[in-house]
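Each remark here refers to the structure printed beneath this line.
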Amino acid sequence: MLYIALKMLLEDKTKYLGIITGIALASLIMIQQPGILLSMLTHIYGVVSDVGLPDIWVMDPKVEMIDDSKPMLDTQLYRVRGVQGVEWAVPFYKGGQKALLAGGETVNIQLLGLDDSTLIGGPAVMVQGSLEDLRQPDAVILDENSASGRMAGGPGGPGHDLTPIRVGDTFEVNEKTARVVGIAKASQAFDSRPTLYTTYTRAKNYALSERKMLTFILVKAKTDEPAPDVARRITRDTGLAAYTADEFKQKSLDNFLRHSNILVNFGFVVLIGFVVGAAVTGQLFYNFTMENLRYFGVFKAMGASDKLLIGMVLLQAALVGSVGFGIGAGASAAFAMSTKGSGGPSLLLNWQLLAGCGAAVFVMVLGAACISLRKVLTLEPGVVLKG
């Protein structure tokens, strides 16, 4: 009987294709939109993720997130170094500046200043050049996506390709020369600003004249000291805010979500996808069941139990749900692969997202099956056979 149920479904190709198409499109929307949102949210704390060596980030107590810059006096660095449990502490500058390209275009950039001695905080993966090259005069390192994108020069316009920035090219940062000595892989900023690495001293020289220039202090805890304990001790002894890397990521994310309606916007799109997919799937599956109602009447007349009929309908629903979800998930994965490393909007997939979408599809097809089952279970075989 289960084989007959599958044959009934597969032989009605129009209804079958219509149902799986509706489920596939709904799955695509429910995977793609949250996936893009997750990718965007990781860019909020991308700098923290890229700087993997320090255990603790120290900052002004009023800082709410990574992009909330409230510089401190350089003397705070020595206070942090004196806290028990601190193995080393280095300065880190992060700020927004303007770059003047060779073609005359002005670009807002994210400038990162690394400790002059250790270069801690620099990019982990270099595409061209070496991190040590930052010790050269006027040296900067640019992220790969911006080198071929926002910072690229040339005539541009229809029919013209922009020329990517290469090692050796120069431009200006606040009327001071910057010479590219390397291209690196780095997480793209949430606002898509190019990321420029240089030494801490040179970053202060590039930045506009300010009394306070120390944005963050990067700290490594001693091996026998838990990082959270050292962070709490720094806060107690210095009055500064100190968070582990994971705590700072979460704090930045919470602050962004608290002051943004991005979750509502993306959630609304996902809800629309689910509702439309459920409506289309339910209507088509119900029509399919109605067109085959006479067969279910025959099965009842032959002694088929309600349990068997329920199994037949649920098997049909499980098949279309699995195939439709598989197509939607596959299309989402293809989109994620095509946008990976492109520098534009990307899609982040994980098992939690796929499991959540799969559960939503299960609810969708189960609802459609329940609507159809109500008609099947209340069916009188005599009335169908008489008709």
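Return the residue satisfying two criteria in turn: it lies in region 37-74 and is open to solvent by less than 30 Å² (accessible area, probe 1.4 Å) and of a type in the set (Val, Ile, Thr), and of such residues it is farthest from the chain's Cα centre (by Cα).
Selected residue: 58.
Looking at residue 233 and the list (1) of a type in the set (Lys, Arg); (2) assigned to a helix (DSSP H, G or I); (3) exposed (fewer than 15 other Cβ atoms within 10 Å of the Cβ), which single condition is not satisfied?
Residue 233 satisfies all of (1) of a type in the set (Lys, Arg); (2) assigned to a helix (DSSP H, G or I); (3) exposed (fewer than 15 other Cβ atoms within 10 Å of the Cβ) except (3).
Within region 47-78, work out how many residues are part of a loop (DSSP other than H, G, I, E, B), in contact with a Leu (Cβ under 8 Å, 6 or more places away or on another chain) and either within 11 Å of residue 214 (Cβ to Cβ) or free of Cβ contacts under 8 Å to residues at least 60 places away in the same chain (or both).
4
Could you pull out the residue among 113, 96, 103 that is touching a residue at least 40 places away in the same chain (Cβ under 8 Å), in a strand (DSSP E or B) and exposed (fewer than 15 other Cβ atoms within 10 Å of the Cβ)? Explain how you work it out, then say what you get.
On the way: 113 fails: exposed (fewer than 15 other Cβ atoms within 10 Å of the Cβ); 103 fails: in a strand (DSSP E or B).
When all the criteria are applied, what remains is 96.
Table: residues versus (1) surrounded by fewer than 20 Cβ atoms within 10 Å (Cβ to Cβ); (2) among the aromatic types (Phe, Trp, Tyr); (3) within 22 Å of the chain's Cα centre (by Cα); (4) modelled with pLDDT under 85.
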position	(1), (2), (3), (4)
273	no, no, yes, no
298	yes, no, no, yes
312	no, no, no, no
329	no, no, yes, no
347	no, no, yes, yes
370	yes, no, no, no
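Are there any pairs with C-beta distances below 6 angstrom linking a residue in region 18-46 that is touching a residue at least 12 places away in the same chain (Cβ under 8 Å) and within 22 Å of residue 286 (Cβ to Cβ) to a residue that is part of a helix (DSSP H, G or I) and of a type in the set (S, T, N, Q), with the two at least 6 apart or on different chains, and if so which?
19/281; 22/281; 23/281
When region 252-266 is examined, which residues are found to be within 18 Å of residue 61 (Cβ to Cβ) and open to solvent by less than 50 Å² (accessible area, probe 1.4 Å)?
Result: 252, 255.
The values are calculated or read from the model by the stated rules, or taken from the named source; none is laboratory data. Predicted model, so just to flag it, every value in this text is computed and none were measured. Every residue, glycine as well, gets a Cβ built from its backbone with ideal geometry; the counts of neighbours run over all protein chains shown. Please note that ligands, DNA and RNA were not included when accessible areas were found on the heavy atoms of the full protein model with its side chains. Shrake-Rupley method; radii C 1.70, N 1.55, O 1.52, S 1.80 Å.
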